[in-house]
Amino acid sequence: MLEEVERWLERRSWVAADRPLDRLLAAKAATGTTVSVVLPALNEEATVGAIVATVRRELMSEAVPLVDELVVLDSGSTDRTGEEAAAAGARVVHRDEVLPRLPALPGKGEVLWRSLLATTGDVVCFVDADLREFSPAFVSGIVGPLLTDPDVHFVKAMYDRPLGTAAGPVPAQGGRVTELVARPLLNLHWPQLAGFVQPLGGEYAARRSLLERLPFPVGYGVELGLLVDALHTVGLDGLAQVDVGVRLHRHQDDRALGRMAAAIYRTAQLRLARGHLVRPALTQFERAPEGFVPRTYPVDTEERPPMAGIPEYARRRAA
């Protein structure tokens, strides 16, 4: 298995500079492939506008028409996320406006799933809306292999991920849930995926023809679930990763990371056992004047079915 991973790393790991923009534009024109960029967003007014502005300026100009569609999928923001995104040039769609017959469930995966019905591109590129000092390589880098190699179906970004602290950034310490939960799970149960540097990263692109066939965990487990299911659908050689530099973003506290870890473990558990499991909960503790107080949270377990089976989506594709 180690030899297979090493061969994959040589064949399917690149840096963004390996595919200059002129090469991507030529490949896009030759194939007629369209590209949609989706930013799932919840209360990201501080960063979403700058990301949208960069994509529009660098990748949607007359000179560089790499991206055809830029959508911010708002999952219920209470700040000015929608206004900032629209002012910067994005089409803003509220989660509840997409497939309204199905009441929305909370979670990032729910928004990504619904985005397939709100976009039209042959290639769909997901980018988290909390990135700072955003580089257009986060889009062009991961879209590139899908435009130039017909055998590639799913591409993850890889990057350095420093942890922001009061004393300054700490190199390579920003992926705590990845290192403590996701990477051990993948190495033990899906060792073919051991070569992915950032398996939980929120920046990845895939062919619509693949995404519409995959179930979407509605919560924190969506990245691991999509990666594992993509492996089983198109095989290891259909997956790739591209180095796009450094990812700076807002970090969550330990309790939020604990809930994320539980959801990711549950997503892996479902893929290993598939059914007959109770709906789990996670109890954490907070200090209060009277001592430690338990707080119990449900663990994200809901999944949306492949979009290809949704009647509204099928009718739109047929049209």
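Counting residues in region 295-309 that are under 19 Å from Tyr204 (Cα atoms), assigned to a strand (DSSP E or B) and at pLDDT below 85 gives zero.
Applying the condition of being touching a strand residue (DSSP E or B) at 6+ places or on another chain (Cβ under 7 Å) and without any contact (Cβ under 8 Å) to a residue 40 or more places away in the chain to region 90-104 and asking which residue is farthest from Glu58 (Cα to Cα) yields Arg95.
Selection over region 44-74 of residues that are in contact with an Asp or Glu (Cβ under 8 Å, 6 or more places away or on another chain), part of a loop (DSSP other than H, G, I, E, B) and either modelled with pLDDT under 95 or surrounded by 24 or more Cβ atoms within 10 Å (Cβ to Cβ) (or both) gives a count of 1.
Condition first: in a helix (DSSP H, G or I), touching a helix residue (DSSP H, G or I) at 6+ places or on another chain (Cβ under 6 Å) and farther than 27 Å from Glu303 by Cβ. Can you find one or more residues in region 86-106 that meet it? Looking for residues that are in a helix (DSSP H, G or I), touching a helix residue (DSSP H, G or I) at 6+ places or on another chain (Cβ under 6 Å) and farther than 27 Å from Glu303 by Cβ, one finds at least one in region 86-106, hence yes.
If you check Leu188, Leu248 for being farther than 25 Å from Pro20 by Cα and not charged (D, E, K, R), only one passes: Leu188. Specify which of the listed residues (Val98, Val124, Val111, Val143) is at pLDDT 95 or above, over 22 Å from Arg12 (Cα atoms), of a type in the set (Val, Ile, Thr) and surrounded by 24 or more Cβ atoms within 10 Å (Cβ to Cβ). From the options Val98, Val124, Val111, Val143, the qualifying one is Val111. Going residue by residue through region 108-124, is there one that turns out to be more than 17 Å from the chain's Cα centre (by Cα) and closer than 24 Å to Ala240 by Cα? Checked region 108-124: at least one residue is more than 17 Å from the chain's Cα centre (by Cα) and closer than 24 Å to Ala240 by Cα.
For every residue, the table says whether it meets (1) under 26 Å from Met307 (Cα atoms); (2) crowded, with 23+ Cβ neighbours inside 10 Å; (3) in contact (Cβ under 8 Å) with a residue 60 or more places away in the chain.
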{"position": "Ala182", "(1), (2), (3)": "yes, yes, yes"}
{"position": "Ala206", "(1), (2), (3)": "yes, yes, yes"}
{"position": "Pro217", "(1), (2), (3)": "yes, yes, yes"}
{"position": "Tyr220", "(1), (2), (3)": "yes, yes, yes"}
{"position": "Leu236", "(1), (2), (3)": "yes, no, yes"}
{"position": "Ala240", "(1), (2), (3)": "yes, yes, yes"}
{"position": "Asp243", "(1), (2), (3)": "no, no, yes"}
{"position": "Asp253", "(1), (2), (3)": "no, no, no"}
{"position": "Thr283", "(1), (2), (3)": "no, no, no"}
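The values are calculated or read from the model by the stated rules, or taken from the named source; none is laboratory data. All values reported here derive from a predicted model rather than from experimental measurement. Glycine gets a Cβ as well: all are built from the backbone with ideal geometry, and neighbour counts include every protein chain shown.
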